[in-house]
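Only the coordinates and a few stated rules stand behind these numbers; no lab work does. Values in this document were obtained by computation on a predicted structure and should not be read as measured data. Note that we place each Cβ from the backbone using ideal geometry, even for glycine, and neighbour counts take in every protein chain shown.
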Amino acid sequence: MAPVDPGTLMWATACEMIERAERLHRQFFHPIIAIASAARWEPPIDIIANDSEARIMVALPGVDRDDLKVTIDDDGVSVVGLRRQGTIPRDGTAVRLEIPYGRFERRIAFPTTGLRFGQSEYRNGCLALTFFKESMEVPIDG
């Protein structure tokens, strides 16, 4: 029996693990075409703050601005919408679908007390919401 190269053994083991992970992914991930309104996912966010403002960035790849609704209240921000599924040509095959489709909703616990909503910007598949911190200075009477 010839000795087995450890590098070859590690590579074969890694390939088997990747194949197993992809089988499990296919087993539990089934794109929903007919019931798009029932599909739910949460877009990822970043929140960056400094002394004068706070900015929420929501990643929404492929979401049309008209399919997006933002609600701001005292307890936070809600971003709700729909990412429509692109069409696959009749002669095409979906090799991998990792970007979620369908209805999404993200509730961001973000107390807005002491903040004033400043602006929203939707560019390059990202929604940016900017809040300005209210001045806490008290005027001194003379």
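Test of understanding: what is the full-extension gain from I47 to T87, defined as 0.36 nm times their sequence separation minus their Cα-Cα distance? Before the final figure, lay out each step's value.
On the way: separation 40, 0.36 × 40 = 14.40 nm, distance 3.32 nm.
So the chain would gain 11.1 nm between I47 and T87.
Using the Karplus equation 6.51 cos²θ - 1.76 cosθ + 1.60 (θ = phi - 60°), what ³J(HN,Hα) coupling, rounded to whole Hz, does each residue of region 88-100 give in order, writing x for Gly and Pro?
Listing the rounded values in order: 9, x, 4, 8, x, 10, 6, 7, 7, 10, 10, 7, x Hz.
State log₁₀ I(q)/I(0) for region 89-131 at q = 0.17, 0.22 Å⁻¹ as given by the Debye formula over alpha-carbon point scatterers of equal weight, solvent excluded.
-0.75, -0.98
Projected area of region 50-104, taken from the Cα convex hull and averaged over every viewing direction, in nm²?
With the hull built on Cα positions only, its mean projection is 5.8 nm².
Based on the mean of other Cβ atoms within 10 Å per residue, sort peptides 70-76, 127-133, 18-24 so the most packed one is first.
Answer by packing, highest mean first, reads 127-133, 70-76, 18-24.
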